[in-house]
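See structure below.
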Amino acid sequence: MENFIFDNLEIWFVTGAQLLYGGDAVVKVDAHSNEIVKGLNASGKLPVQVLYKGTANSSDEIAEILRAANDSKSCVGVITWMHTFSPAKMWIHGLLDYKKPLLHLHTQYNAEIPWNEIDMDFMNLNQSAHGDREFGHITARLRKARKVVVGYWKDAATQAKIATWMRVCAAWADSQNMRIIRFGDNMNNVAVTDGDKVEAEIRFGYHVDNAPIAKLVSYVDAVSETEINTLIAEYQKLYDFADNCKPGAENHCYVRDAAAQEIGLRRFLEDKKATAFTTSFDELAGMKQLMGFASQRLMAEGYGFGAEGDWKTAALVRTMWVMGQGLPGGQSFLEDYTLNFDGDNSTILQAHMLEINPQIAAKRPRIEVHYLGIGDSGTCARLVFQGHTGDGVAATVVDMGNRFRMIVNKVDVKNTKDLPRLPVACALWKPLPNFEIGAGAWILGGGTHHSSFSYALNEEHLEDFAEIADIELLKIDENTTIDKFKFELKVNEVYYLLNKALK
Ligand code: MN
């Protein structure tokens, strides 16, 4: 599945201009725009190709391009740039209709003022300085969700911001087609992983379905011994085996059962055109073990996963996987497992009973088999490893009743000590700015004990996503203080009440 998400996608580039300065000016605007788009594509920094769609010189032309962008299957977002002064009333009809992500690029064809050559012809042609402010006004007046990127188009920093947004556009498009299959409901009585699935489909585009476990059991039972043998050979290439899990040893049968679950589950999800799923340790009739090992393997392929029926986290894990395609570091479903108080170095061990993505492993994972006492889990295979060190982001989405809230926390992943008696995959992190404020703010914001974590992404990816989805965003990072955070919670409460009342 490597990189397939970006291959057939396009970002359209539309240049605002007008005919006031004559046809020659528009020809030059066109040539400059072409050169900028070619330069952006040739930079090698952008994950999605940019398609230049020409100059838009009137209200009709603008509306036509933006409506075509809505209808295009391959277009996942539009970049606008005002080369000349484009009177922004011309943009009203098009922008009112436009439904996809929007990036307003404030740049200029030339980097520096040509002090000796500059004349009125030059000024009539190169008007981004004021043209982009005119456009900015109408997008602000229309309360249009958009990302504003300011910088010279050849600069790496400018291209990096566009690249970040493009990844989010791809993930947003993916979310509109996402189907999440739930094997069983949310864990009984748990509040934070539940929520309004109708509102989620309206807001995020994804669809949440239920599947009885019996339907999956028949897929797992249909897997052949030959198929299992082939997969075991793959495991032998990728992982170490505990002695009692090796072929011929007493616990190898549990690894084979897990392999059958992996094949059956993948086949089931493919048949349902689903790209995310949840499991439940109470919904396993007919299964030989909780599908933890299969969940680890499928997460590494890009399937979203949430434990105990947590469909919002399953969706976010998938979305963040799409955003991070091709970037190093890996990402995973994780749970706040247990605390380690150590003054300024206090940390949180992140783990789960079974289901952590081996993409974040520091070293070659090891297959182990152990009995798991919770629910009907039974004796389960699992990949055991520790996460590598590095900076990352943890994110969650919770349902506040009148809105979805995303909480994002920058974290610093540290080395984990060995856990000889706790056979789980895990990572150990210090939330920023420190444990006390990081964990305190997350709890004040009502964040889950489950999160979607990524080494590949940063706050900007999730900020762009929250902007496009039009949901609340709370960032917890090196600048967070509890006082400011509590104030933000109160302001947001008022904002969303008023916002709902006005709509
Ligand atoms: Mn859990």
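The table below gives the values:
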| item | result |
| --- | --- |
| Linear extension gain, E301 paired with A214, 0.36 nm per residue minus alpha-carbon span | 28.9 nm |
| Exceeding the 28 Å Cα-Cα cut-off - candidates K73/K237; K475/K500; K53/K500; K154/K484; K272/K363; K215/K237 | K73/K237; K53/K500; K154/K484; K272/K363; K215/K237 |
| Principal-axis tilt of helix 156-176 within the chain, Cα atoms, nearest 10 degrees | 60 degrees |
| Rounded FRET efficiency, nearest 0.05, which uses the C-beta distance separating C253 from D185 and R0 of 30 Å | 0.50 |
| Nearest-0.05 FRET efficiency for K237 and L502, computed from C-beta distance (R0 56 Å) | 0.45 |
| Cβ-Cβ FRET estimate between I118 and R421, R0 fixed at 56 Å, reported to 0.05 | 0.15 |
| Bridge type composition, the chain - antiparallel percent by DSSP, nearest 5 | 50 percent |
| Rotationally averaged projected area of the range 179-502 (alpha carbon convex hull; nm²) | 16.3 nm² |
| Table column - 3J(HN,Hα) (Hz), the range 55-65, Karplus curve with 6.51, -1.76, 1.60, x for Gly and Pro | 8, 10, 10, 7, 4, 5, 5, 5, 4, 5, 5 |
| Normalised contact order of the range 89-225, rounded percent, pairs of Cα under 8 Å and 6 or more residues apart | 22 percent |
| Cα-centred dipole magnitude for the chain, charges only on beta-carbon of K, R (+1) and D, E (-1), debye, nearest 20 | 300 debye |
| About the Cα centre, charge dipole magnitude for the range 6-175 (Lys/Arg +1, Asp/Glu -1 at Cβ), debye | 820 debye |
| Between 0 and 90°, nearest 10: helix 311-323 axis offset from the chain longest Cα axis | 60 degrees |
| Chain lengthening between F341 and R141 when straightened (0.36 nm per residue, less Cα-Cα) | 67.1 nm |
| Along principal axes, Cα extents of the range 6-175, largest first, whole Å | 50, 34, 25 |
| Residue (of N244, L269, G309) at the positive-pole extreme of the range 217-373, dipole from beta-carbon charges | L269 |
| Linear extension gain, E199 paired with Y371, 0.36 nm per residue minus alpha-carbon span | 58.1 nm |
| Highest to lowest packing among 86-98, 245-257, scored as the average C-beta count within 10 Å | 86-98, 245-257 |
| Whole-number percent relative contact order across the range 179-502, with pairs defined as alpha carbons under 8 Å at least 6 apart | 18 percent |
| Spin-label model distance (nm) - D24 vs H130, 7 Å beyond Cα toward Cβ | 2.1 nm |
| Between 0 and 90°, nearest 10: helix 252-271 axis offset from the chain longest Cα axis | 30 degrees |
| Protection-proxy order for peptides 104-116, 39-51, each taking the mean of Cβ atoms within 10 Å per residue, highest first | 39-51, 104-116 |
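Read-outs throughout are calculated quantities, based only on the coordinates presented, and are distinct from any laboratory measurement. Just so it is clear, the structure is predicted and the values come from calculations on it, not from any experiment. All Cβ positions, even for glycine, are placed from backbone atoms using ideal geometry, and neighbour counts span all protein chains on display.
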